[in-house]
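Just so it is clear, none of the values below were taken in a lab; they were calculated from the coordinates. Everything numeric in this text was worked out from a predicted model, so none of it was measured. Please note: Cβ atoms are built from the backbone with ideal geometry, for glycine as well, and neighbour counts cover all protein chains shown.
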Amino acid sequence: MPTILGANSVSGNYEISNSARFSGSREMTYTPGQDGTKTTFTISCWVKKSENNAERQVIFGAQGGSDYLRFTDDESINWHIADASASRSYNSVAKFRDLSAWYHIVAIWNTTHGTNANRMQLYVNGNLITPDTQPTISQNAVSTHMNDSSQVHHIAGEVNPANDFHFQGYISEFHFLDGLAYDPTYFGETDDNGVWIPKQYGGAHGDNGFFLEFQQTGTDADASGIGADTSGEGNHFAVADLTARDVVTDTPTNNFATLNPLAGNSQLQTAGYFFGNTRVSSNVSGVGNSNYLMSISTIGVTSGKWYAEFKVTGNLYSSGTDSTSLIGVGSGIYEAGDGNHNTAIGGFTHWWLDHDDDRVIVDGDVGNTGLASVSQNDIIGVYLNCDTTMPTVTFHLNGSAVSGATNSPYNVRRTGSYSLGDNNPIFFMPVVRYGDSSNNGQFECNFGNPPNLPSSGNTDANGYGNFEYSATLGGVNYFALCTKNLAEYG
């Protein structure tokens, strides 16, 4: 018998250690060994988007093409199930555009319920979401494709093989309950600050149910794989293109900074960001020759000491005094828009890579010249200290102090001609330059959640992050830019 909606009694502090990062065509698949309860099931998962304006970002669905949970291109959520009579669509009125936030989504199909409005429901962060039109569903109607043994079930993949639409972002704590209709209180709760947070689920999953924690890094569809089912039901997922680097510690209980397409140069938004917004490339359509394209971290700070790494994976295209890339920090949120923004960063302190004299610019003025040259695949460490009267920044190259950096650490100006105010948060800001079809700036940006696994595996002093080089500078601890550290130092 299906279990009807009710409150879960399991509560307490709960930490989620891992999530899976989906980009490009990465996805996971599973085919049930038998038909499940097609009148009753529940999906619960946490997601962090990395792209907007994308058609059909499927979070979970069955390959027949008409049973799915997805984001649409207008940033609403579409919970869609076909039964024998018609397709039932629950479209959220609310839009979900924040690319820095984790959302908890619970989708319920329970046609055994005596009330039509309770037969198909959608919750986000514990709140019942208003549909544009409440679907009318016959009592005891059965799903056509979902929970069906003849259908491949996809996580983050397009359920219509003729298309190629995939979810872009992070997924954590994925439950599927076969034969159970449970509301969000089974999976989350409101903390003392009024924030919806995860809690440990203490119930069953049913024969076709599963629980994906993304604790493993293997690529086989078994208990050692990324898609390992830890519910005890053994419904393991196969993975396509995912590897160990896609198992990350950016989770609903410790949210890491990424680059923010909503605040950066708008020409980057559709094609310039990869790997959950941890890589940026200037090789995008519609960009003019020699344009500089700015990106901004999702988290800005006003206190504390912070460390990030930027790996040069593009070409350092040089022509006279032009350069491909700039790395730095600055206060305020600068209007990026379209086009060239090499001058719009005058209020930042940044290292102008591959300039003819390899210079650091402080508040629009030259702060240092003749620094060590940077090559492709070099890693630039950036140490931001906001605990001094005037915040400062120190640049390292491949783990060592930069040769020729006589004025380091450099002030981070907050009162210059480009400043928006002295007390604005300070952000990490890479800038990539478009050279031509074969010479483009590109950075892998690691705020503790790297796009590729570092060989060294250094953490900060709190055990957070994964860096190539040490987050300690001169015996002083700097920290990964994540919410756990922000709560202590930010």
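Hey, fewest Cβ within 10 Å first, where do Glu55, Glu173 land in order?
Going from least to most buried by this count: Glu55, Glu173.
Please give the net charge around Tyr478, taking every other residue with its beta carbon less than 15 angstrom from that of Tyr478, where Lys and Arg add +1 and Asp and Glu add -1.
Net charge around Tyr478: -3.
Beyond 40 Å, how much of the Cα-Cα pair distribution for the chain remains, as a whole percent?
Here the long-distance tail beyond 40 Å is 26 percent of all Cα pairs in the chain.
Rounded to the nearest 500 deg cm²/dmol, what is the calculated helix-only ellipticity per residue at 222 nm for the chain, with -39500 (n - 2.57) per DSSP H run of length n ≥ 4?
When only DSSP H runs of four or more count, the value is -500 deg cm²/dmol.
With a point put 7 Å past each Cα toward its Cβ, work out how far Asp387 is from Ser224 in nm, to one decimal.
Spacing of the two 7 Å Cα→Cβ label points: 4.4 nm.
Counting only residues 5 or more places away or on other chains, whose amide H sits under 5 Å from the amide H of Ser231 once H atoms are built in the peptide plane?
Phe211
May I ask you to derive the relative contact order of region 217-326, considering only C-alpha pairs under 8 Å and at least 6 residues apart, and to give it as an integer percent?
About 16 percent, as a whole number.
Tally Lys and Arg at +1 and Asp and Glu at -1 over the other residues with C-beta under 14 Å from the C-beta of Thr111: what net charge comes out?
Taking every Cβ under 14 Å from that of Thr111, the sum is +1.
How large is ³J(HN,Hα) for each residue in region 130-141, as worked out from phi by the Karplus curve 6.51 cos²θ - 1.76 cosθ + 1.60 (θ = phi - 60°), to whole Hz, x for Gly and Pro?
After applying 6.51 cos²θ - 1.76 cosθ + 1.60, I find 6, x, 5, 9, 6, x, 9, 10, 5, 5, 6, 5 Hz.
Would you pull out the residues with amide H under 5 Å of Asp250's amide H, same chain only if 5 or more places away, H placed 1.01 Å from N?
Close amide H contacts, sequence-distant or interchain: Ser19.
In terms of the Cα gyration tensor, with a ≥ b ≥ c the square roots of its eigenvalues, is region 19-248 rounded because a/c is under 1.5, prolate because a/b exceeds b/c, or oblate?
Here region 19-248 falls in the rounded category.
Would you please give the residues with an amide H less than 5 Å from that of Phe22, counting only those at least 5 places away or on a separate chain, with H modeled from the backbone geometry?
When sequence neighbours closer than 5 places are left aside, the close amide H contacts are Gly169, Tyr170, Ile171.
Would region 124-237 count as rounded, prolate or oblate if I go by the C-alpha gyration tensor, calling it rounded below 1.5 in a/c and otherwise prolate when a/b exceeds b/c, oblate otherwise?
rounded
Based only on other Cβ atoms within 10 Å, what is the fewest-to-most ordering of Leu262, Leu353?
Lowest count first: Leu262, Leu353.
Over the chain, calculate the relative contact order: mean separation of alpha carbon pairs under 8 Å at least 6 apart, over the residue count, as a percent.
So the answer I get is 15 percent.
To the nearest 20 debye, what is the magnitude of the charge dipole of the chain about its Cα centre, counting +1 on the Cβ of each Lys and Arg and -1 on the Cβ of each Asp and Glu?
The dipole magnitude comes to about 460 debye.
Cα gyration tensor of region 266-489, axes a ≥ b ≥ c as square roots of the eigenvalues: rounded (a/c below 1.5), prolate (a/b > b/c) or oblate?
rounded
For the residues Cys482, Cys45, what sequence is obtained by ranking on other C-beta atoms within 10 Å, fewest first?
The most exposed by this proxy come first: Cys45, Cys482.
Tabulate in residue order the Karplus-calculated ³J(HN,Hα) for region 233-249, using 6.51 cos²θ - 1.76 cosθ + 1.60 with θ = phi - 60°, rounded to whole Hz; enter x for Gly and Pro.
Once θ is set to phi - 60°, the couplings for region 233-249 become 7, x, 8, 7, 9, 7, 10, 10, 6, 6, 9, 4, 5, 8, 9, 10, 9 Hz.
Under a Cβ-only charge scheme (Lys and Arg +1, Asp and Glu -1), can you give me the dipole magnitude of region 138-261 about the Cα centre, in debye to the nearest 20?
That gives a dipole near 120 debye.
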